[in-house]
Amino acid sequence: MSACTPKSLASSGQKPIQEMCHPLGAEEAVLTPSPDVRNITSSIGEKDQILPNGTPVETSSPSSSSSLLNRLQLDDDLDGETRDLFVTVDDPKKHVSTMETYITYRVVTKTTRVEFDLPEYTVRRRYQDFDWLRTKLEDSQPTHLIPPLPEKFVMKGVVDRFSEEFVETRRKALDKFLKRVADHPVLSFNEHLNSFLSAKDLNKRQGLALLSKMGESVKYVTGGYKLRGRPVEFSAMGDYLDMFTQKLGTIDRIAQRIIKEQSEYLAELKEYGPVYTTWAASEAELQGPLEGVASCMANCSIALDELTQDMSGDFLPVLREYVLYIESMKAVLKKRDNVQAEYEAKLEAAALRKEERPTAKVPTDVEKCQDRVECFNADLKSDWDQWQNNKTQDFRQLLTGMADHNIQYYEKCLAAWESVIPVLQDKQPQETETEED
């Protein structure tokens with residue numbers, strides 16, 4: 001590569017940047033994102049390290065759960081490295097005060113990392129604390145993909161956010177969020193995560209976190225740069241996310257319709273079985289067969305109810321999580337585009353100045369901006385690969401669980417109907433055995 005060949009990202013337009021003389025001249029070096037470079041932005045928001053809400057430490061026993069969300073593990077994606085940070089979200093509790101009613105969750109941490117003073121911590125956190133953590137991670141690690149949180153707001157009158165089902169679904173999602181952060185090779189060392197897991201007394205500083213996030217957004221919006229064109233690999237990412245969004249939307253709509261139809265069918269079955277019970281009371285000769293059919297209907301109703309709950313509790317939440325994941329990934333891609341656009345503009349301006357004044361000093365902000373682009377690209381590629389691995393693992397387990405639930409449903413229904421056949425046949429097997437004797 002000659003000294004006048006720019007080291008830049010692929011771009012489009014009337015005057016490609018590749019054709020411009022790089023202001024850094026012959027002193028071109030391969031820039032690789034190091035941990036120090038990745039941590040350049042980690043100082044953002046350092047002065048606001050206090051979490052939003054404080055609650056006393058609890059030591060009650062955790063609620064056991066064998067749900068699909070809790071079984072999702074990232075051990076296979078850690079390239080054989082030994083995990084040294086384990087987190088669990090469990091034991092939801094309802095708190096009622098004169099001002100508000102809210103749910104807290106127990107967060108248990110076990111670690112051997114030297115960054116922590118103790119090997120184990122137990123604290124209680126509410127949803128807004130998790131939201132604070134995610135905001136801080138976005139501010140301090142803008143080049144990384146931050147796992148999504150479940151939606152905060154629900155439609156009143158449609159979903160009871162204090163119901164046992166809703167609280168458990170949210171607990172699973174919060175547990176998965178925290179596990180993904182704890183398993184991330186960069187995010188897991190973030191100082192805000194350390195505070196979230198270990199701090200006991202928390203003060204409300206939500207306003208500062210919000211202002212910090214708004215300032216970060218304004219910084220990207222007011223840059224005034226227009227991206228010439230995404231590199232092919234990042235354009236492919238955007239196209240894939242658009243396609244994946246459409247697929248998930250279609251699957252979610254069909255799954256919602258299936259659940260609705262199953263619920264309607266379940267209601268019919270629950271009315272259907274008692275009819276045979278009532279009929280059996282007035283038909284002595286048919287009492288056995290009629291009661292057998294009624295029992296069969298009851299067993300099929302139970303099996304269908306379990307299948308519907310499994311689909312609502314396990315299948316749909318994973319779909320919704322990945323819809324939110326896509327939004328997060330698109331947001332990171334947009335930040336990367338803004339940084340690239342800024343670099344392209346500064347590179348072009350520096351090249352023009354050098355053409356006008358060959359002896360002019362090269363602005364150091366061009367090199368720094370290039371470093372940011374390189375770091376953004378490297379971090380985004382790494383997180384993209386990790387996300388693809390997680391997605392493959394999640395959906396394999398999701399589809400396997402769906403297959404198992406359907407098999408169990410049909411096996412239970414088959415067993416229920418097979419159990420009533422001898423009764424419907426008027427005990428013919430017993431009569432055959434008597435004749436053979």
Practice problem: Taking all protein chains together and a probe of 1.4 Å, list 113, 125, 253 from the most accessible to the least accessible. | Solution: 253, 113, 125
Practice problem: Tell me which residues come under 5 Å, amide H to amide H, from residue 84 once H is placed; ignore anything under 5 positions away on its chain. | Solution: none
Exercise. Starting from the amide H of residue 229, placed 1.01 Å from N in the peptide plane, find each other amide H under 5 Å away whose residue is 5 or more places distant or on another chain.
Key: 12
Exercise. Compute the whole-percent fraction of alpha carbon pairs in segment 286-363 spaced more than 19 Å apart.
Key: 70 percent
Quiz item: From the backbone phi of segment 319-327, what are the Karplus-calculated ³J(HN,Hα) couplings (6.51 cos²θ - 1.76 cosθ + 1.60, θ = phi - 60°) in whole Hz, Gly and Pro given as x?
Solution: 4, 5, 4, 6, 5, 5, 4, 4, 4
Practice problem: Sticking with the crude label model, points 7 Å out along Cα→Cβ, report the distance from residue 168 to residue 83 in nm, one decimal please. | Solution: 2.3 nm
Quiz item: Could you give the nm distance between label points at residue 253 and residue 406, where each point is 7 Å from its Cα heading toward the beta carbon?
Solution: 2.1 nm
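Order the following by accessible area, largest value first: 302, 259, 254. Probe radius 1.4 Å; ligands, DNA and RNA are ignored. Walk me through the numbers on the way to the answer.
Working: 302 100, 259 20, 254 75 Å².
If we order 302, 259, 254 from most to least accessible, we get 302, 254, 259.
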Quiz prompt | Förster radius 45 Å - calculated FRET efficiency between residue 302 and residue 114 (Cβ-Cβ, nearest 0.05) | solution = 0.30
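Based on the Cβ-Cβ distance from residue 128 to residue 415, what FRET efficiency comes out when R0 is 51 Å, to the nearest 0.05?
Working: r = 48 Å, r/R0 = 0.93.
Plugging the Cβ-Cβ distance into 1/(1 + (r/R0)^6) gives 0.60.
Here are some pairs, 330/391; 136/335; 260/391; which of them have Cα atoms lying more than 18 Å apart in this structure?
260/391, as the Cα separations exceed 18 Å there.
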Quiz item: Just how much of residue 384 is accessible, in Å², when a 1.4 Å probe is used and the result is rounded to the nearest 10?
Solution: 30 Å²
Practice problem: Could you state how much accessible area residue 227 has, in square angstrom rounded to the nearest 10, with a 1.4 Å probe and all protein chains kept in place? | Solution: 50 Å²
Self-check item: Relative contact order %, segment 296-377, counting alpha carbon pairs below 8 Å whose residues are six or more apart
Solution: 29 percent
Quiz prompt | Residue-by-residue Karplus 3J(HN,Hα) for segment 370-387, coefficients 6.51, -1.76, 1.60, Hz, glycine and proline x | solution = 5, 4, 4, 5, 4, 5, 4, 4, 5, 5, 5, 5, 5, 5, 4, 4, 5, 5
Quiz item: Going down the list 179/200; 172/270; 152/270, which pairs span over 25 Å between their C-alpha atoms?
Solution: 172/270; 152/270
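In segment 353-406, which trypsin sites (Lys or Arg not before Pro) fall in coil by DSSP and have 13 or fewer other Cβ atoms within 10 Å?
Details: sites: 353, 354, 361, 368, 372, 381, 391, 396; in loops: 361.
Here the sparse-neighbourhood loop sites are 361.
Taking 0.36 nm per residue of sequence separation and subtracting the Cα-Cα distance, how much length would be gained by fully extending the chain between residue 201 and residue 323, in nm to one decimal?
Working: separation 122, 0.36 × 122 = 43.92 nm, distance 3.42 nm.
Here the answer is 40.5 nm.
Tell me, in nm to one decimal, what length is gained between residue 275 and residue 97 on full extension, where the rule is 0.36 nm per residue of separation less the Cα-Cα distance?
Gain on stretching residue 275 to residue 97: 59.3 nm.
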Quiz prompt | From phi via Karplus (6.51, -1.76, 1.60), per-residue ³J(HN,Hα) for segment 273-287 in Hz, x at Gly/Pro | solution = x, x, 4, 5, 5, 5, 5, 4, 5, 10, 10, 5, 6, 9, 4
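The values are calculated or read from the model by the stated rules, or taken from the named source; none is laboratory data. Here the structure is a predicted model, which is why all the values come from computation and not from measurement. Every residue, glycine among them, receives a Cβ derived from its backbone with ideal geometry; neighbour counts consider all protein chains shown. Protein only, heavy atoms only, side chains kept; ligands, DNA and RNA dropped before computing areas. Shrake-Rupley method; radii C 1.70, N 1.55, O 1.52, S 1.80 Å.
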